[in-house]
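Undergrad: Here it is: the structure, laid out below.
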Amino acid sequence: MSNATRSFFRSASTLSSLAGKGKQTFDVVVVGGGIVGCATARQLKISRPELNIAIVEKEKKLAVHQSGHNSGVLHAGIYYAPGSLKAKLCVEGLDLAYAYLDENKIPYKKTGKLIVAVEPLEIPRLNNLYKRALQNGCRDIEIIDGKRIKEFEPHCVGLQALWSPHTGIVDWGLVTQSYADDFVKRGGKVFVDYPLTEIHSASESSDHPVVIKSRSGLPEIQAKYLLTCAGLQSDRIAQLSGCSTTPKIVPFRGEYLLLKPEKRYLVKTNIYPVPDPRFPFLGVHFTPRMNGDVWLGPNAVLAYKREGYSYFDVSPTDLFDAISFRGMQKLMLKYGSFGVQEFYRGVFYSAQVKQLQRFIPELKVSDVTRGPSGVRAQAMDVEGNLVEDFVFDDGEGPIASRVLHVRNAPSPGATSSLAIAKMITAKATEKFNL
Ligand SMILES: Cc1cc2nc3c(=O)[nH]c(=O)nc-3n(C[C@H](O)[C@H](O)[C@H](O)COP(=O)(O)OP(=O)(O)OC[C@H]3O[C@@H](n4cnc5c(N)ncnc54)[C@H](O)[C@@H]3O)c2cc1C
């Protein structure tokens, strides 16, 4: 049975609908069927099997947004600020992820990763990255010279590179589904097509004081506790229980190019540039995929809709919401020219190929076609600073002690998902006195 078929049968048996049902009651409701929500619900069920827990997801399937639209990389934790939760959870999450994938026979490849310096001025930056990676506890990384780059990637040129042997690739959508299957096997419930629209406290004193509502035709749910992991909507969901408007989620679309099948031989491993410290994103890279495709990119442009995957996906409300935000205006002032270049590279992809030719000179514009895209939930403060680490929020009012919002679960949230789930479970257990 192919993975896709296996995944279809799994999802068919795991996902339920609440349409036409009466009022529901749970101990804990987790909002969001992305990788963070599914991993967290599973972990909570493992640590407290007696709790009656449900996931509610607004789409008809799981992992429809960030968790199913990403580069599919198991990151080693090289880039992130030492001491940050992001660094710690990535390094911890990588080992947990490999163990989980082995245990559950989910296919992955340890392709490794090269971060390649092609100009002399990039070498000190590469060395700083190496020191940072060592501080973060990344295992078996090394700095290699141009000759050794060719041993790993015969078509790649560079002066020096950081080689990370434990970086890998996997289908994170499949992993999300597997967490959900596991959760359901342990007695959890997953309800799809249930967009949460309101959060209230029960009118009379109740054992289940958190009331959540959805669109008409779907029943109300009452819960003792509510945990939200809503990705691109996390700030809006948090505001439903009285949280502040910031950090705000600004959606950035990343567009990939696809290497034509006859040119896939050019790329075996993940090839990344040395990030330019003047800019907030990692830079376009080469990513082999589990199905044999090779993706190039992504760039980063403002998405005109929170969940808008093309230039034609426009929500006037979402667009106005983003560009009227003071933080976004400040970011545009600071990185305006970078933004324009990214937009240009998105429209005229020959410009993106030019960047990639620095690493594989024989790559031609005719070797690529337009590929898929993903939208990143970029949390931003009112000063226009990108919020790099995790943010949790409680809200206000009588149910604040019953609610925990994950407002920011930054990339690489998929790699870190099992470590994130442990952290959120510990936080929820303490806060809710479970
Ligand atoms: C382009 C791109 C490339 C990336 N590459 C990598 C990578 O290679 N490796 C890696 O580790 N990470 C990568 N990441 C990051 C990773 O994908 C995310 O960190 C991770 O998927 C976040 O998971 P999540 O569950 O928080 O969000 P999501 O997957 O977005 O899930 C949130 C869920 O909440 C649901 N929801 C929202 N509102 C409601 C509502 N009102 N009611 C009910 N449900 C609701 C949504 O429908 C969604 O399913 C990448 C991200 C992007 C965008």
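Undergrad: Using a Förster distance of 35 Å, how high is the FRET efficiency between residue 365 and residue 102, based on the Cβ-Cβ distance and rounded to 0.05? Show your work: numbers first, answer last.
TA: Details: r = 40 Å, r/R0 = 1.15.
So the FRET efficiency works out to roughly 0.30.
Undergrad: Report ³J(HN,Hα) in whole Hz for each residue of region 257-265, in order, from the Karplus equation J = 6.51 cos²θ - 1.76 cosθ + 1.60 where θ = phi - 60°; Gly and Pro get x.
TA: Once rounded to whole Hz, the list reads 9, 10, 6, 5, x, 6, 10, 4, 4.
Undergrad: Using the Karplus curve 6.51 cos²θ - 1.76 cosθ + 1.60 with θ = phi - 60°, work out ³J(HN,Hα) for each residue of region 344-350 in order, rounded to whole Hz, and write x for Gly and Pro.
TA: The phi angles translate into 4, 5, x, 6, 10, 6, 4 Hz.
Undergrad: Long-range amide H contacts for residue 371: which residues qualify at under 5 Å (H placed 1.01 Å from N, peptide plane, sequence gap of 5 or more or a different chain)?
TA: Residues meeting the criterion, in which the H sits 1.01 Å from N, are 256, 257, 258.
Undergrad: Over the chain, what is the mean sequence separation of C-alpha contacts under 8 Å (at least six apart), divided by residue count, expressed as relative contact order in percent?
TA: Averaging sequence separation for qualifying contacts and normalising by length gives 23 percent for the chain.
Undergrad: A further question follows. Between residue 354 and residue 426, 0.36 nm times their residue separation minus their Cα-Cα distance comes to what?
TA: Extra length available between residue 354 and residue 426 comes to 21.2 nm.
Undergrad: Cα axis of helix 85-103 to longest principal axis of the chain: angle in degrees, 0 to 90, nearest 10?
TA: That works out to roughly 90 degrees.
Undergrad: Which of 170, 118, 375 moves the most in a Gaussian network model of the chain with Cα springs under 10 Å?
TA: In this elastic network of the chain, the residue with the biggest mean-square fluctuation among 170, 118, 375 is 118.
Undergrad: Anyone know which of 323, 399, 212 comes out most mobile in the 10 Å Cα GNM of the chain?
TA: 323
Undergrad: Sort 169, 123 so the one with the fewest other Cβ atoms within 10 Å of its own Cβ comes first.
TA: Least crowded to most crowded, the residues run 123, 169.
Undergrad: Here is a follow-up. May I ask for the angle, rounded to the nearest 10°, between helix 122-136 and the longest principal axis of the chain, with both axes built from Cα atoms and the value confined to 0 to 90°?
TA: In the chain, helix 122-136 runs at an angle near 40 degrees to the longest axis.
Undergrad: Right, next: From the backbone phi of region 146-154, what are the Karplus-calculated ³J(HN,Hα) couplings (6.51 cos²θ - 1.76 cosθ + 1.60, θ = phi - 60°) in whole Hz, Gly and Pro given as x?
TA: The phi angles translate into x, 5, 6, 3, 5, 5, 7, 9, x Hz.
Undergrad: Test of understanding: what is the full-extension gain from residue 13 to residue 186, defined as 0.36 nm times their sequence separation minus their Cα-Cα distance?
TA: 60.9 nm
Undergrad: With each pseudo-label sitting 7 Å past Cα toward Cβ, what's the residue 202-residue 61 distance in nm, one decimal?
TA: With each label placed 7 Å out from Cα toward Cβ, I get 3.7 nm.
Undergrad: Given the C-alpha centroids of region 286-322 and region 33-68, what is the distance between them in whole angstrom?
TA: The two parts, judged by their Cα centres, are 24 Å apart.
Undergrad: Could you check the spin-label model distance between residue 264 and residue 157? Points 7 Å from the Cα along Cα→Cβ, value in nm.
TA: Result for the modelled spin labels: 2.7 nm.
Undergrad: Please list, ordered by chain and number, the residues whose modelled amide H lies under 5 Å from the amide H of residue 108; skip anything fewer than 5 residues away on the same chain.
TA: Those lying under 5 Å, H to H, from residue 108: there are none.
Undergrad: Let me ask something else. Can you work out the base-10 log of I(q)/I(0) for region 45-111 at q = 0.11, 0.16 1/Å, using the Debye formula on its C-alpha atoms alone?
TA: The calculated log intensity ratios at q = 0.11, 0.16 Å⁻¹ are -0.42, -0.86.
Undergrad: Given the convex hull over the Cα atoms of the chain, what projected area results after averaging over all orientations, in nm²? If you can, show how the numbers build up before the last one.
TA: On the way: hull surface 83.0 nm².
About 20.7 nm², averaged over all directions.
Bear in mind these aren't lab numbers, they're just calculated from the coordinates by the rules spelled out. Keep in mind it's a predicted model, so treat the numbers as computed, not measured. Neighbour counts run over all protein chains shown; Cβ positions are idealised from the backbone, glycine included.
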